[in-house]
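Engineer: Once you've had a glance at the structure underneath, I'll fire off some questions.
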Amino acid sequence: MIRSLPNSRRYLYSYKLYIGLYFAFLFAPLLVTCVLAFNDSQFPYLPWNGFTLEWFTADLPERVGLFHDRMNLESIWVSAQVAFFVTILSVTVGTCAAFLFEQEEFPFKSALYFLMLSPLVIPGVILGISILLFSNTLGMFFETHLGIDVPLFRPGFWLVVLGQFSFIATLVTLVVSARLRKFDRTLEEAALNLGANRFEVIWHITLKFLRPAIVGAAAVAFLMSFENFNTTLFLVSSDTTLPINLYLQVRDGSTPVINAISFLLIVGTSLAAAVNLYFSRKQD
Amino acid sequence: MTMKRRFHITLPLICFLTPVLLWLVLLIVLPHVDLLRMSLRAEDDYGNAIWSFSNYMAFFQEPIYWLTFVRTAVYSIMVTVMTFIVAMPVAFYITKVVAPRFQGFLMMLLLMPFWVSELVRVYGWMILLRESGVINHFLTRMGILNQPIEMLYNDVTMVMGLVYTSMLFMAVPLVSVLESLDDSLIEAACDLGANMGTIFFRIVIPHAMPGIVSGSIVVFMLTLGNYLTPNMIGGKNALWFTEQIYNQFIASFNWNQGSAFGFLLLVLSSLVIWAGLKLTRQKLSRVVQ
């Protein structure tokens, strides 16, 4: 049953087989995608025609590799910019929210806490259309009543940033709150007794303590934003993010360039995950 | 007895409260109020905007709409149950069976695929399963199949894809809740002659309940709101309710109808989550932690 009890050989072997199958199931699609990025073929199919790097580097009429594919490179750049702003915004607001819910007292606190959690249970598609509708309503209001045209209220870069921020901030709040709860508040009291004000205490002591959680939350926020599809789908305009751009390409038929991008994403995120894991291990 | 601390308006409180209020009011509360408002607007015969329930009436009168809705709900519950059945043994293996020195490594393997974009994972399945795909290639090579068959664009593949996509969100809460289960409880039960089934249903499952509930909630919500997987490997007849919403918004440009659909989906997901919490006597704020 468990490792400290005697187990029959059959139990252990069949369990190992199941786990093996599970991990094969887990990794098969990723592995195949990576391998076929290096196949010398016009399509991401087998048979294997030999190893090539052309889907990354080529700039030929019949074969344009990723590094010369302007549309895909641009969408990667857009995604990186969106993720940057989402990370800054959600880390700032999420940290404020963590302080608010962990250290402050005010009326209707539990109601507000419940509201803060709600983005976790709202489907991303709904969040996307709600924000699209509301920004449209605001835009109409500004245009008809005040005669001002506000580009922020139309689908585009900043609306995507706001849409993704609206739920990623909740995740940041939860991560930072969890760490803040472990903080020894006598340290704060000591600093206050020694003449620091509340903001000096937060800046010099509490934020230093929170730094690993904030860095971890920022990494997760960046990745979630970079890969978000559901909410972005409704808020995006001409400057498409990478997931939206890939989606449009896959829908219209696929080339190994998509495999090349996927390969870089898989390698990049795995490295980021490993680094993140290493640092969180070191913390404990 | 706890003393209720008196509440003062202080500068730190204002500094923390303002951005949080702006976020929650402007990006969560008002947009959803607007969603409800839009869903109750329609045009009368003269093209004037009026208040009306016609968008909701259309939902109930058009079988394709409500059938898709029911289908999406039933499939989402099915996917949630299947995800639990697949992930539970894995979580138990990692926390209780495998030698402790492999635990960290297996945990990392478990998490890694989910850092990769959902789109890439679905694309991987497309390459594997399509008519010219890798699995068909091997099956015809080995002579098991004479002709490649199309394995994409059906319900079985779609459900598998949805289970695959949401597995992590079940496995992680299960692992963390099983980690807190004291091994000696299982040992004691075993000494007293309980069989594996009894141990599983009387000790493991009750202890794991908070993890099961939080995993199920997240999986259910993600499945219900999933657009990519049904759209890409579910094919034309795999109607998913989010596709209806997308069609109303982007293709027919009927935002009022789309809002009504969106609001119905929101109500459904809230209701199922609420019922799940009530049935298992859990609290949302406890479950998410």
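Quick note: the coordinates plus some simple rules give every number you see, no bench work behind them. A quick note: this is a predicted structure, and the numbers were derived from the prediction, not measured. Glycine also receives a Cβ, built like all others from the backbone with ideal geometry; neighbour counts cover every protein chain displayed.
Engineer: Mind checking B:255-262 for the average number of partner chain beta-carbons within 10 Å of each residue's beta-carbon? Spell out each step's value before the answer.
Structural biologist: Details: counts 4, 1, 0, 4, 4, 0, 2, 8.
Partner Cβ neighbours, averaged per residue: 3.
Engineer: Considering only Cα-Cα distances, which of the following residue pairs are longer than 32 Å: A:16/A:182; A:16/A:208; A:109/B:96; B:96/B:278; A:109/B:278? Mind showing how you got there, number by number?
Structural biologist: Numbers: A:16/A:182 38 Å; A:16/A:208 44 Å; A:109/B:96 39 Å; B:96/B:278 30 Å; A:109/B:278 22 Å.
As for pairs spanning more than 32 Å Cα to Cα, those are A:16/A:182; A:16/A:208; A:109/B:96.
Engineer: PRE reach from residue B:191 (point 7 Å along Cα→Cβ): which of the range B:203-231 fall under 20 Å by backbone N?
Structural biologist: Hits in the range B:203-231 for residue B:191 at 20 Å: B:203-204.
Engineer: I've got another one for you. Grab the beta carbon distance between residue A:81 and residue A:21, set R0 = 56 Å, and tell me the FRET efficiency rounded to 0.05. Can you show the working numbers first?
Structural biologist: On the way: r = 41 Å, r/R0 = 0.73.
Rounded to the nearest 0.05, the efficiency is 0.85.
Engineer: Give me the three principal axis extents of chain B from the C-alpha atoms, as integers in angstrom, largest value leading.
Structural biologist: The principal-axis extents, from largest down, are 78, 77, 35 Å.
Engineer: Label residue A:2 and residue A:274 with points 7 Å out from Cα along Cα→Cβ: what is the distance between them in nm?
Structural biologist: Label at residue A:2, label at residue A:274, 3.3 nm between them.
Engineer: Between residue A:92 and residue A:137, what length in nm is gained on full extension when 0.36 nm per residue of separation is reduced by their alpha carbon distance? Walk me through the numbers on the way to the answer.
Structural biologist: On the way: separation 45, 0.36 × 45 = 16.20 nm, distance 2.74 nm.
So the chain would gain 13.5 nm between residue A:92 and residue A:137.
Engineer: I want to check the label-to-label distance for residue A:31 and residue A:108. Put each point 7 Å from Cα in the C-beta direction and report it in nm to one decimal.
Structural biologist: Here the modelled spin labels are 5.5 nm apart.
Engineer: Okay, moving on. Looking only at trypsin sites (Lys or Arg not before Pro) in DSSP loops with at most 13 other Cβ atoms within 10 Å, what is the longest site-free stretch of chain B? Working shown, then result.
Structural biologist: Values: sites that count: B:4, B:5, B:6, B:236, B:281, B:283.
So the longest stretch without any such site is B:7-235.
Engineer: If N is the number of residues in the protein assembly as shown, what value comes out of its Cα radius of gyration divided by 2.2 N^0.38 Å? Before the final figure, lay out each step's value.
Structural biologist: Working: Rg = 25.5 Å, N = 573, 2.2 N^0.38 = 24.6 Å.
Relative to the rule-of-thumb radius for its length, the protein assembly as shown sits at 1.04.
Engineer: Something else about it: What FRET efficiency do you get for residue B:111 and residue B:271 if R0 is 25 Å and r is their Cβ-Cβ distance, rounded to the nearest 0.05? Could the numbers behind the result be given before it?
Structural biologist: Working: r = 31 Å, r/R0 = 1.24.
So the FRET efficiency works out to roughly 0.20.
Engineer: Now for a different question. Taking H as built 1.01 Å from N, whose amide H comes closer than 5 Å to the amide H of residue B:41, not counting residues under 5 places away?
Structural biologist: Counting only residues 5 or more places away or on other chains, the set is B:52.
Engineer: Given only helices, namely DSSP H runs of n ≥ 4 each adding -39500 (n - 2.57), what is the per-residue ellipticity at 222 nm of chain A, to the nearest 500 deg cm²/dmol? Could the numbers behind the result be given before it?
Structural biologist: Working: 12 runs with 195 residues, N = 284.
Mean residue ellipticity, 222 nm, calculated: -23000 deg cm²/dmol.
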